[in-house]
Amino acid sequence: MTIDQMLTDAAESLHSYRDAIAHPDLDERVTRRRQASPTQRNLAIALGATVLLALVIGFAALLAPLGDDEAPFVEEVAPTTVPVTSVTSPPENTTPPSPTTAAAVPAEPVPSITWTRMELAATSEEAALDTIAVTEDGFLAGGFDGRDAAIWTSDDGSTWNRATLLPGAGEADASAQGRFAEVVGFASLGGKTVAVGFEGAGEPGEMYFGSLNRWKNSAWLDADPIAAVWVSDDRTNWRRVPHDESVFGEADVVRMWAVAASDDQFVAVGDAVWRSSDGLIWQRAPSPGNTLFSVIFDGTWFVAAGLDPGGLQGMYRSVDGVEWIEMPVEQPSDMWRPQPLLDLAKVGQAYLTVGGGDAGRIWRAADVSVEMEVVFQVGFNVGPYLSGIAIDGNRVAAVGEKDFQGVVSTSTDGGQTWTKEESREVFGNRFVEDETGAIRDVVIVDGRIIAVGKIGVGAAAVWIGEWND
Amino acid sequence: MRAGLGKAVAETHSPPRGESQSDTSFAAFYAREYPRIAELAYALTGDRWIGEDLAQDSFIAARQNWAEVGTYPAPGAWIRRVVANKAVSRYRRIQVERKALPRLWRRPTGDTPPEVAAEAAEIWAAVRRLPKRQAQVIALTYLEGHSLSDIGEILQCSPFTAKTHLQRGKQALATLLRANEEVTE
């Protein structure tokens, strides 16, 4: 049989699918996205009351429209210029302060933020940053460059240098094996810093969220990922911990997604939980939930967030990384797609967590004893997610992606009220493939927001935002 | 910096085969094109649910901006380009895949279209392994019967380039399928 005939037959087979397919109700699809949870409906009521009050007292500025889901699909694209001053809108979602909340609500207007963006030099055509961490003497950013894991270091967040990553003793780089590797988290303990991530087959970058599909036993990817750890004494030179199948492999999908350190041990999470006192020798135990994407140590508790065994949002705490206690998290009623919790942070006694799915939500709990409740969401359109959150005093920044554009939401009251910032010039433009943006992670230091991610298909990018006050 | 996608297409496209300009309402556009676009997305993503997700999101975007998209000489060419590019672009595939997770998780329980025959599924899987332009040209040629001229307009390349992609794609496909047969034997 000729190729022509084979393709013709294959097309006819697909036509049977085409001829049977029904036209879905697009309104129903949009409505499903816009269904609000009870908490969100309460937020809407509170917002309505706030707007009415603002009308009475003359604060017309509070009448800015909600979101930009109906933004024009086609627009003139201005040349990218950096630095760019963002246009900061008033808070779009305001929640009444909880009686148990210690943080005070500031009365002054929300200050604007000036943003700059830079792209880091890479050796391949496809690179991205997935994580950033603050160290004693600067910053670490991790991700991938081509098929290999990559780490950059910086003293000030503005100038970045590439660190050296060596494979484990007797092993080869991922690229040399036709595989790829990616760094997604950092932690330091006792002068030693570890970077965690994973190595797999397939293509670079596909593991980031695409690997979730594999978790659902989809045949979309066949990456066979294994967990990976790199260790450094000076944060400039890194060596991969040699692969131990019983610790970093064995199951179909084994990835590390995040790591944190207490005074005496590292705890890494992902498709399992790992502990190590020196970063070199690790012990693996089952995850208390399903895949966990974030872990912090808050001085007392290791707190981890991700998905619970049923695939819903899951959050857990543990004093030792061994025994984990589940924490209550509000499950939005419109959850027809998994909305994993992707990062978390603590401010005072309050916890904040962010997640993916259709809405890019922020949850907050005043303390460890109460349920995490949704306090803000980026939007509904085309699957936004928030993947990073950082806190410095009462200033909080959450970052992610919405419809191929980077998203930044900020708060100056400890995460109770939020301002959404979107600038195609700075955070990415979905209408220009080379300028699409995704922001993965963020830190705040000395009043500066430093976020990392990617621009276009292959540029590792750093954004710096400074509050103007 | 390149111009915006919609504008660039609007400037160059004429209606593809079978596209009437007499009814420019979105409802008619959706009724006419959705099954074809979903089929194209299915062929290029390899997953019905991901493909339908992608197709529906594209139509929602088109509807939101129909005041402009509807004025294009060929909105059908526009949405084919959007979907063909989204389906084969690795970067965008990641996003679609992420969004489609619950569809895989909570698949509809009602009537669903028939499964594609195993032999056909294997051929489309091989098509998806081709370079993205070759895969797009083959899908547009064999699924919808577009001419090289139409395809050039949809993908914003010359008919000659489309022809080159088609020929090289078929050659590569023959090699791939032959290799599969040898492995099977």
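Of everything in region B:29-60 that is touching a helix residue (DSSP H, G or I) at 6+ places or on another chain (Cβ under 8 Å) and small (Gly, Ala, Ser), the residue that is surrounded by the fewest Cβ atoms within 10 Å (Cβ to Cβ) is B:GLY46.
Okay, residues lined up against (1) exposed (fewer than 15 other Cβ atoms within 10 Å of the Cβ); (2) over 20 Å from A:PHE427 (Cβ atoms); (3) modelled with pLDDT of 85 or more:
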{"position": "A:PRO109", "(1), (2), (3)": "yes, yes, no"}
{"position": "A:TRP115", "(1), (2), (3)": "no, no, yes"}
{"position": "A:LEU129", "(1), (2), (3)": "no, no, yes"}
{"position": "A:VAL134", "(1), (2), (3)": "no, yes, yes"}
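Do we have A:ALA122 as over 25 Å from A:GLU466 (Cα atoms), touching a residue at least 60 places away in the same chain (Cβ under 8 Å), among the hydrophobic types (A, V, I, L, M, F, W, C) and in a loop (DSSP other than H, G, I, E, B) here? Judged against the criteria, A:ALA122 is a match.
Conditions tested, residue by residue: (1) in a helix (DSSP H, G or I); (2) closer than 22 Å to A:HIS15 by Cβ; (3) modelled with pLDDT of 80 or more.
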| residue | (1), (2), (3) |
| --- | --- |
| B:GLY18 | no, yes, no |
| B:SER22 | no, no, no |
| B:PHE29 | yes, yes, yes |
| B:TYR34 | yes, yes, yes |
| B:ALA41 | yes, yes, yes |
| B:LEU44 | yes, yes, yes |
| B:ASP57 | yes, no, yes |
| B:ARG63 | yes, no, yes |
| B:ALA77 | yes, yes, yes |
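For A:VAL452, the stated conditions hold: it is under 22 Å from A:ASP155 (Cβ atoms) and surrounded by 24 or more Cβ atoms within 10 Å (Cβ to Cβ).
Just one of (1) within 11 Å of another protein chain (Cβ to nearest Cβ); (2) closer than 17 Å to B:LEU140 by Cα fails for B:VAL83. It is (1). Take A:ALA451 and tell me if it is part of a strand (DSSP E or B), within 20 Å of A:VAL303 (Cα to Cα) and either modelled with pLDDT of 85 or more or under 17 Å from the mean Cα position of the chain (by Cα) (or both). So A:ALA451 fails the test. Selection of region A:287-313 for residues being of a type outside the set (Ser, Thr, Tyr), assigned to a loop (DSSP other than H, G, I, E, B) and within 14 Å of chain B (Cβ to nearest Cβ) yields A:ASN290, A:ASP308, A:PRO309, A:GLY310, A:GLY311, A:LEU312.
Considering A:SER387, A:SER411, the condition of being among the hydroxyl-bearing types (Ser, Thr, Tyr), at pLDDT 85 or above, more than 16 Å from the chain's Cα centre (by Cα) and crowded, with 21+ Cβ neighbours inside 10 Å is satisfied by A:SER411 alone. Please name all residue pairs, on different chains or six or more residues apart, with Cβ atoms under 7 Å, provided the first residue is in region B:120-149 and is free of Cβ contacts under 8 Å to residues at least 12 places away in the same chain and the second residue is among the acidic types (Asp, Glu) and part of a helix (DSSP H, G or I). Within 7 Å, the pairs are B:ALA120/A:ASP9. For region A:420-439, the criterion of a residue being part of a strand (DSSP E or B) and over 24 Å from B:ALA61 (Cα atoms) is satisfied by no position. When region A:418-436 is examined, which residues are found to be more than 12 Å from A:ARG395 (Cβ to Cβ), away from chain B (no Cβ under 11 Å) and not charged (D, E, K, R)? Correct list: A:SER423, A:VAL426, A:PHE427, A:GLY428. Sort out which residues of region A:270-295 are within 17 Å of the chain's Cα centre (by Cα) and surrounded by fewer than 21 Cβ atoms within 10 Å (Cβ to Cβ), and write them in order of number. Correct list: empty.
The values are calculated or read from the model by the stated rules, or taken from the named source; none is laboratory data. Because the structure is predicted, anything quoted here is derived from the model rather than measured. Positions of Cβ are generated from backbone atoms using ideal geometry, with glycine treated the same way; all protein chains shown enter the neighbour counts.
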